[in-house]
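The next block holds one structure in the form of structure tokens; read it before the comments.
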Amino acid sequence: MTPSAEPPRSRALLPALALWVTLAALAPAVASLPPGERVPPYLALHLALTLSAVALTRLVRSPADVRALLAAAVLTRLVNLRTPAFTTTDPARYLWDGAVALSGHDPYALPPLAAELASLRARFPSPTDHLDVATCYPPLAVALFALAASAGPSLAMLAWKSLLALASSLTGAPAIRRASPVTLVLLLATPALLLESMVGAHLDAFVALALASALALTSRLRWNAAALCLGAAIALKYFPAWALLPFALRAPRKALFTALSLAPLALSFAVAQALGHTPPGSLPNFASNWNFAAPLWSALYARFPTRDDTLRPALVLAGLLVTAALSLRRGPLARNVRDALLVQLIVSPVAYPWYGMPLAVACAFAPSAAALAVLTALPFSYEVVDRYQSAGLWEPARWPLVLTTAAFALGLGVDGWRARRRSSR
């Protein structure tokens, strides 16, 4: 008898995939709840999807399993195509910035309240907050926003969500051939990547796709292509520039890799300036003033409330030094990238849940209990949303900071225990 060429499908796989899709399909129901009642069920859904993703990593094994997973992944995106982005106001700002660019104005110079944009406000939905602040998004991101906004005021959000669904579904594509099934599952099923793309409707879905492509390409030693993919991530959001250090230190031609990684940002800036735009807009203001859900910064600021202008650069410098040390380690590049992005989250004064999406990608290629714990804890900072939407009060609680810190410490302990077990064998 000839042995089977591929392992048999687990009997539990199809029911597990059905459960995963069913859970994802609950997000529209959560979004339809009255303001002030959405966050607890959303967090319960996030935890249930986390457990579902972990279970799927144990069940997907064969090519047939992978095909079933991919089909289910597309379904989880489609069922959320019209889910309102109730956890954030960012998507409305994306589309507005795109509409400003399409109208021939400079989104980096004119805030939504600018008198020059009065006619645009009359025909296109304006953002609901930060109306006195011009955009801070990179030119490549604004180009994507403009593409969605070109569908018109009534269809722009659907166009944007459709682009996100495509990017989020394709995030697993780089891992299909060479990466492990665990990596593929985590790229498609991790709630940080699924919910922040299809419920939060965040730009970071494109960043995740670009970073996943960069990591996959390095495993095939296609360093120039990987550099351009990393460069696309940087040109979309700036923050992935933090991952340039571990990538460049491992690249065989470090200077060329760095140049190629920065080329998309430089080119997009040049095009934007040729169009009369003035990036980076409000980015300096964001970098020097914004803060949210960041345990380390919050603890330091509570102790030194008049030293914020010193704390921020000091945290960046300390983070870069730690990242450099971690990036010099031998071993998997994905591990070094993962730890660099984790350090970035730790030292940043801003830790929005969707800022964990690049970390989720790196964690898919190099799983870690610490990273998974942080990704699971970050969404609890959404607790502020209910009060804000029901009573107009923006008063973030302190307990999510404690929870994130405890989750990180617990995850580090699990990682250390597992490392000791491996070394003792």
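What the table below lists for this structure:
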quantity: Using alpha-carbon coordinates, inclination of helix 90-102 to the longest axis of the chain, degrees; calculated: 60
quantity: Square roots of five times the Cα gyration tensor eigenvalues for region 204-260, Å; calculated: 17, 12, 8
quantity: Rotationally averaged projected area of region 216-331 (alpha carbon convex hull; nm²); calculated: 9.0
quantity: Cα radius of gyration and Dmax for region 288-425 (Å); calculated: 16.2, 57
quantity: Added length on full extension, which subtracts the Cα-Cα distance from 0.36 nm per residue, residue 286 to residue 128; calculated: 55.1 nm
quantity: Accessible carbon and sulfur surface of region 1-94 relative to its total accessible area, %, 1.4 Å; calculated: 69
quantity: Under-5 Å amide H pairs with residue 292, H placed in peptide plane, nonlocal only; calculated: 350, 351
quantity: Extended-chain gain in nm, criterion 0.36 nm per residue less alpha-carbon gap, residue 44 and residue 325; calculated: 97.4 nm
quantity: From the C-alpha gyration tensor of region 1-118, square roots of 5λ in Å; calculated: 42, 20, 10
quantity: Area projected by the alpha carbon convex hull of region 355-425, averaged over all directions, nm²; calculated: 5.3
quantity: For region 116-228, accessible area per residue (1.4 Å probe, heavy atoms of protein chains only), Å²; calculated: 36
quantity: Phi-based couplings in Hz for region 68-81 (Karplus 6.51, -1.76, 1.60; Gly and Pro marked x); calculated: 5, 4, 4, 5, 5, 4, 4, 4, 4, 7, 5, 5, 10, 4
quantity: Coarse-grained scattering of region 112-172 at q = 0.28 Å⁻¹, given as base-10 log I(q)/I(0) from a Debye sum over alpha-carbon atoms; calculated: -1.27
quantity: Residue-wise HN-Hα coupling along region 358-375, computed from phi with Karplus coefficients 6.51, -1.76, 1.60 (Hz; x: Gly, Pro); calculated: x, 4, 4, 5, 4, 5, 5, 7, 9, x, 8, 5, 5, 5, 5, 5, 5, 5
quantity: Kirkwood Rh in Å, taken over all unlike Cα pairs in the chain; calculated: 22.3
quantity: Alpha-carbon Debye profile of region 264-351, log10 I(q)/I(0) at 0.11, 0.15, 0.16, 0.20 Å⁻¹; calculated: -0.45, -0.75, -0.81, -0.96
quantity: Cα Rg, Dmax, region 230-286, angstrom units; calculated: 12.7, 38
quantity: Estimated 222 nm signal from helices in the chain, with DSSP H stretches of n ≥ 4 weighted -39500 (n - 2.57), rounded to 500; calculated: -20500 deg cm²/dmol
quantity: Within the accessible area of region 233-349 (1.4 Å probe), percent carbon and sulfur; calculated: 70
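The values are calculated or read from the model by the stated rules, or taken from the named source; none is laboratory data. As the structure is a computational prediction, the values presented were derived from the model and not from experiment. In case anyone asks, the SASA skips ligands and DNA or RNA and just uses the protein heavy atoms, side chains included. Shrake-Rupley method; radii C 1.70, N 1.55, O 1.52, S 1.80 Å.
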